[in-house]
Each structure stands twice: as C-alpha cells, then as structure tokens.
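The values are calculated or read from the model by the stated rules, or taken from the named source; none is laboratory data. Predicted model, so just to flag it, every value in this text is computed and none were measured. Quick reminder, even Gly has a Cβ in these numbers, built from the backbone with ideal geometry, and neighbours come from all protein chains shown.
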Amino acid sequence: MAEIDIIAREVSGYRTRFEAIERRLGEIDKVIGRLEAAALTTARALQEISRHWDALYEAMRREEESDMSHLGGERDSSRPSKR
C-alpha cells in the first residue's frame with residue numbers, strides 16, 4: 001500500500017469524525033439557545049419579584065411613618081422630660 005493510500009484513508013476517517021463533531025456542535029448551539037432563553041425569563045421574573053418586594057417595603061415604611069406621626073402628638077408621661 002502506498003503512502004498516499006494510507007493518508008487518504010486517514011483523511012476520510014477524519015471527515016466522519018468532523019461530521020460527528022459538527023452535529024454535536026449543532027446540538028450544543030440549540031441547548032445554549034434554550035439556556036439563554038431560560039436565563040432571560042428567570043432574570044425578568046426576578047426583576048418582577050424585586051419590584052413587588054420594593055413596593056411591600058415602601059408600604060411598610062409609610063405605615064410606620066404614619067404610626068409614628070399619630071404618636072408624635074402624645075407625650076410619654078413615664079419618661080422624665082429633659083431640661
């Protein structure tokens with residue numbers, strides 16, 4: 001067998017391997033696309049959750065301020081006054 005025949009066989013074997021690798025890369029690209037879409041959906045959901053928590057904390061803060069303003073007119077008689 002001539003060297004050229006040996007090289008030709010090896011090269012034809014590489015072609016099959018390259019085709020298999022290309023198929024796998026195509027599958028990986030699809031998975032990456034799905035993962036990116038899932039990450040985007042997750043990020044949007046986390047933003048929405050964060051907005052809800054921010055609104056809740058703001059409402060709680062306003063409620064506390066409202067409670068404090070109602071108590072502000074009353075003096076605590078159990079504490080001595082500072083003079």
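Annotations
- Residues (surrounded by fewer than 10 Cβ atoms within 10 Å (Cβ to Cβ) and of a type in the set (Val, Ile, Thr)) located in region 2-21: ILE4, VAL11, THR16
- Lone qualifier among ARG15, ARG83, ARG79, ARG34 - being among the charged types (D, E, K, R) and at pLDDT 90 or above: ARG34
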